[in-house]
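J.: Quick one: this structure, given as structure tokens, is what I'll be asking you about.
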Amino acid sequence: MKRINHEKLNSLVCDVEDRHKNGILDASAKEMAPIWKITKIPATYGRKPVVVDKIQYALIKEYDIKRIHTSDEKDSVLDKLGKDYSWLSRRLHEYRLDKLKVED
């Protein structure tokens, strides 16, 4: 497992804090992306990427774009996937950590 460069991480956090009155709450996702990249860890250490088919991947990607969903939207995606919400939740987490792979 790759070690975190704490000096670089601290520098990035300080840069964001300086732009936002000594806080990071108002920072955009674009500003936070380098910090998240350094601190991200696999969904489970040593676990191989999860393989999903192209349709499942497209639905997960589309579902992830919008962070808040109505019950109807959630139910529609679950019906298309043929899975339960816990499966979708795990795949979303893995997608956000770049641990999902599309089967060929």
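J.: Yes or no: region 83-104 includes at least one residue that is touching a residue at least 40 places away in the same chain (Cβ under 8 Å), among the basic types (Lys, Arg) and assigned to a strand (DSSP E or B).
T.: Within region 83-104, one or more residues are touching a residue at least 40 places away in the same chain (Cβ under 8 Å), among the basic types (Lys, Arg) and assigned to a strand (DSSP E or B).
J.: Checking TYR45 against (1) farther than 20 Å from ILE4 by Cα; (2) at pLDDT below 85; (3) not charged (D, E, K, R), only one condition comes out false. Which one?
T.: Evaluating TYR45 over (1) farther than 20 Å from ILE4 by Cα; (2) at pLDDT below 85; (3) not charged (D, E, K, R) leaves (1) as the failure.
J.: Considering only residues of region 45-78 that are part of a helix (DSSP H, G or I) and among the aromatic types (Phe, Trp, Tyr), which is farthest from TYR95 (Cα to Cα)? Spell out the reasoning first.
T.: Applying the first criterion (part of a helix (DSSP H, G or I)) to region 45-78 yields 54-65, 71-78.
Filter once more, keeping what is among the aromatic types (Phe, Trp, Tyr): 57, 63.
Numbers: TYR57: 9, TYR63: 11 Å.
Looking at the filtered set, the residue picked out is TYR63.
J.: Kindly evaluate LYS8 against the criterion of being touching a residue at least 24 places away in the same chain (Cβ under 8 Å), over 26 Å from GLU103 (Cα atoms), out of contact with any His (no Cβ under 8 Å at 6 or more places or on another chain) and not in a loop (DSSP other than H, G, I, E, B). It would help to see each step written out before you state the result.
T.: Numbers: touching a residue at least 24 places away in the same chain (Cβ under 8 Å): yes; over 26 Å from GLU103 (Cα atoms): yes; out of contact with any His (no Cβ under 8 Å at 6 or more places or on another chain): yes; not in a loop (DSSP other than H, G, I, E, B): yes.
Judged against the criteria, LYS8 is a match.
J.: Which ones in region 67-98 are within 25 Å of THR39 (Cα to Cα), open to solvent by 30 Å² or more (accessible area, probe 1.4 Å) and out of contact with any helix residue (DSSP H, G or I) (no Cβ under 8 Å at 6 or more places or on another chain)? So that I can check it myself, show each step before the final result.
T.: Here is the first cut: in region 67-98, the ones within 25 Å of THR39 (Cα to Cα) are 67-68, 86-98.
When the remaining residues are screened for being open to solvent by 30 Å² or more (accessible area, probe 1.4 Å), the result is 67-68, 86-87, 89-90, 93, 95-98.
ARG67, ILE68, SER86, SER89, ARG90, HIS93, LEU97, ASP98 - these are the residues of region 67-98 that are within 25 Å of THR39 (Cα to Cα), open to solvent by 30 Å² or more (accessible area, probe 1.4 Å) and out of contact with any helix residue (DSSP H, G or I) (no Cβ under 8 Å at 6 or more places or on another chain).
J.: Next question, about the same structure. Look at region 1-32 and say how many of its residues are modelled with pLDDT under 85 and surrounded by 11 or more Cβ atoms within 10 Å (Cβ to Cβ).
T.: Of the residues in that region, 4 qualify.
J.: For region 48-61, name all the residues that are modelled with pLDDT under 85 and surrounded by 10 or more Cβ atoms within 10 Å (Cβ to Cβ). Walk me through it before giving the result.
T.: Filtering region 48-61 for residues modelled with pLDDT under 85 gives 48-50.
Across region 48-61, the qualifying residues are PRO49, VAL50.
The values are calculated or read from the model by the stated rules, or taken from the named source; none is laboratory data. A quick note: this is a predicted structure, and the numbers were derived from the prediction, not measured. Every residue, glycine as well, gets a Cβ built from its backbone with ideal geometry; the counts of neighbours run over all protein chains shown. SASA here: full protein model, heavy atoms, side chains in, ligands and nucleic acids out. Shrake-Rupley method; radii C 1.70, N 1.55, O 1.52, S 1.80 Å.
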